[in-house]
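Trainee: I am attaching a structure below and will ask some questions about it afterwards.
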Amino acid sequence: MALRLRLPKLFRTSAPVARRMIDAAAGGRRGGGMGTFGPINPEVSAGATLTRSRARYLANNNPWLSNGVDNWAAALVGAGIRPMPRADDADTRRAASRSFESWADDADAAGRTDFWGLQRDIARHLIVDGEALVLIHDDADGITLQTVSPEQLDEAKTVELGGGRLIVSGVEFDAQGRRVAYWILPHRPHATFTDYAPSIRFDAADVLHIMRPLGAGQVRGLSWLAPAVLSASELDQLMDALLVGAKTSAMFAGFLTDMNATGSIPFDGDQTGGIMDTGLEPGTLKVLPAGVDVKFSAPDAAKDSPAFLRMNLQALAAALGLPEHLLSGDLTNANYSSLRAGLLPFRARVEQAQYGTLVPQFLRPIWRRWLVSEVLSGRLDLTPDLAAEWIMPRPMQVDPQKDLAAVKEALALGLTSRTRAVNELGWNADDLDAEIAADRAREADLGLAFGSPNEAESGDDD
């Protein structure tokens, strides 16, 4: 008898269908029309030039962006960012500070401004153009600084040099990826039209390229106004349309309709060139013939335009990272709490740009180059590796009394030093102490006595 083995039935199951679960990567109706952003350098190289041109146009023509750019520049550098030498000896700090202040007066190679004015120009280039260029020149009297327009950095020069060396948009890198040179186009101030001239190689030690990168490895900068360019342009067109609508609404215009198509002229008057005078004077009553109707234009004004405009201004302010009132100038609904809540995150952004961009890319290299130049020339007898802290411009206080009370309490609790507190107010502590001592000595010589109101009241009570 044959044995039959019963084998279990095998069922073939299909693998589950793969499906994207990340909505941001999905297609279809919602995601099909979304834009994409590729590697940072190709994107910036392709769009930075046109973006810069449009940003410049808006910064010089759009009232809100012009105000926003100026406020950003004022917050970044104010009246000037000043160094405070980091030395234990007060005489060393004082000597270095005075020497730097003396050099700063003549730091501009063009002789148009000083080091503090150059900071303002660089801040504006950084905001509008997305990058700033400074050339350092050495001469017998020390170094001088020359600001260069960003488009002079040859954007068309991208070359493989071999051995791992390359040039990307006018910036030359060695095999280790370090910046070794910049290829800068010559500029003639009297030139009206663009003409061709080959770019000139400048050693990286003599060029400062200041920019705030959007991603790792970024070579050229992108305008800070980029997120606001299209919205600001649309807002300009909307404002023009609203203004034209308002002007039309203010006109008392009438349109005559011949209901019977007789072609008759409804009003009496003098006819010139085949056109009958149908003007109306105050208090005039006109009788229309049969079959003639008159309609007056009454364009509907946009009732919701103020709220809509404010929403757009809020979007522009968000794109620039500014509190709304620093863009629009509108303080109608502002109070202490709202102003403080808006200014605190903005000041955090400002400090991030100051200490993350301006200090390492511009201020610190200038200090080192100036100090070495002064020491080697014998004009200054200091160690060439003397470091410096940078005193940022004092931010305007919403309520100075409350802020000073907080500083006083922090000093009493040992949470800060007087030097740091003075620096945060935008002053050099050594200079301030010297001025106070000089004032008190002069007051004593003249028999004067000044003090706080509390001290004066205490003296009267005694």
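The values are calculated or read from the model by the stated rules, or taken from the named source; none is laboratory data. Only a predicted model underlies this, so the values are computations on that prediction, with no experimental measurement involved. Positions of Cβ are generated from backbone atoms using ideal geometry, with glycine treated the same way; all protein chains shown enter the neighbour counts. Each accessible area value is taken on the protein alone, full model and side chains, heavy atoms only, with ligands, DNA and RNA left out. Shrake-Rupley method; radii C 1.70, N 1.55, O 1.52, S 1.80 Å.
Trainee: Any residue in region 410-423 that's closer than 21 Å to residue 86 by Cα: show its pairings with residues that are of a type outside the set (Asp, Glu) and outside any helix (DSSP H, G or I) at Cβ separation under 6 Å, as long as the two are six or more apart or on different chains.
Mentor: 423/391
Trainee: Checking residue 391 against (1) surrounded by fewer than 18 Cβ atoms within 10 Å (Cβ to Cβ); (2) closer than 19 Å to residue 73 by Cα; (3) of a type in the set (Val, Ile, Thr): exactly one of these is not met. Which one?
Mentor: So residue 391 meets the others, but not (1).
Trainee: Hey, another quick one. Could you pull out the residue among 149, 169 that is of a type in the set (Ser, Thr, Tyr), in contact with a strand residue (DSSP E or B) (Cβ under 8 Å, 6 or more places away or on another chain), more than 21 Å from residue 369 (Cβ to Cβ) and free of Cβ contacts under 8 Å to residues at least 40 places away in the same chain? Talk me through it step by step, then tell me what you get.
Mentor: Values: 169 fails: free of Cβ contacts under 8 Å to residues at least 40 places away in the same chain.
Going through 149, 169 in turn, just one is of a type in the set (Ser, Thr, Tyr), in contact with a strand residue (DSSP E or B) (Cβ under 8 Å, 6 or more places away or on another chain), more than 21 Å from residue 369 (Cβ to Cβ) and free of Cβ contacts under 8 Å to residues at least 40 places away in the same chain: 149.
Trainee: Among helices (runs of 4 or more DSSP H) lying entirely in region 304-403, which contain 1 or more residues that are within 20 Å of the chain's Cα centre (by Cα) and polar (S, T, N, Q)? Full working, then the answer.
Mentor: Details: elements: 305-320, 324-328, 336-353, 364-377.
In region 304-403, 305-320, 324-328, 336-353 are the helices (runs of 4 or more DSSP H) which contain 1 or more residues that are within 20 Å of the chain's Cα centre (by Cα) and polar (S, T, N, Q).
Trainee: In addition: I need the full set of residues from region 382-409 which are in contact (Cβ under 8 Å) with a residue 40 or more places away in the chain and either closer than 21 Å to residue 87 by Cα or in contact with a helix residue (DSSP H, G or I) (Cβ under 7 Å, 6 or more places away or on another chain) (or both), in order please. Before you say what the answer is, go through the steps one by one.
Mentor: Taking region 382-409 first, the residues in contact (Cβ under 8 Å) with a residue 40 or more places away in the chain are 382, 386-395, 398-399.
Hits for region 382-409 are 382, 386, 387, 388, 389, 390, 391, 392, 393, 395, 398, 399.
Trainee: If you scan region 403-455, which residues turn out to be surrounded by fewer than 12 Cβ atoms within 10 Å (Cβ to Cβ), of a type in the set (D, E, K, R) and closer than 26 Å to residue 350 by Cβ?
Mentor: 408, 409 - these are the residues of region 403-455 that are surrounded by fewer than 12 Cβ atoms within 10 Å (Cβ to Cβ), of a type in the set (D, E, K, R) and closer than 26 Å to residue 350 by Cβ.
Trainee: Another question, then. Out of the residues in region 167-203 that are open to solvent by 60 Å² or more (accessible area, probe 1.4 Å) and hydroxyl-bearing (Ser, Thr, Tyr), which is modelled with the highest pLDDT?
Mentor: Of everything passing the filter in region 167-203, 196 is modelled with the highest pLDDT.
Trainee: Filtering region 322-337 down to residues that are in contact (Cβ under 8 Å) with a residue 60 or more places away in the chain and over 16 Å from residue 396 (Cα atoms), which residue is surrounded by the most Cβ atoms within 10 Å (Cβ to Cβ)? Walk me through how you get there before you give the answer.
Mentor: Residues of region 322-337 in contact (Cβ under 8 Å) with a residue 60 or more places away in the chain: 322, 326-329, 336.
Narrowing further to those that are over 16 Å from residue 396 (Cα atoms): 327-328.
On the way: 327: 25, 328: 20.
That would be 327.
Trainee: Let me ask another. Quick check, is residue 438 on the phi < 0 side of the Ramachandran plot and in a helix (DSSP H, G or I)?
Mentor: Numbers: on the phi < 0 side of the Ramachandran plot: yes; in a helix (DSSP H, G or I): yes.
Considered against the rule, which asks whether it is on the phi < 0 side of the Ramachandran plot and in a helix (DSSP H, G or I), residue 438 comes out as yes.
Trainee: Oh, and also: State whether one or more residues within region 146-161 are of a type in the set (A, V, I, L, M), more than 17 Å from residue 221 (Cα to Cα) and touching a Lys or Arg at 6+ places or on another chain (Cβ under 8 Å). Steps first, please.
Mentor: Restricting attention to region 146-161, the residues satisfying the condition of being of a type in the set (A, V, I, L, M) are 148, 153, 156, 159, 161.
Narrowing further to those that are more than 17 Å from residue 221 (Cα to Cα): 159, 161.
Going one step further and asking which of them are touching a Lys or Arg at 6+ places or on another chain (Cβ under 8 Å), we end up with none.
No, that holds for no residue.
Trainee: Would you say residue 80 is under 30 Å from residue 314 (Cα atoms) and either part of a loop (DSSP other than H, G, I, E, B) or in contact with a Gly (Cβ under 6 Å, 6 or more places away or on another chain) (or both)?
Mentor: Answer is yes for this residue.
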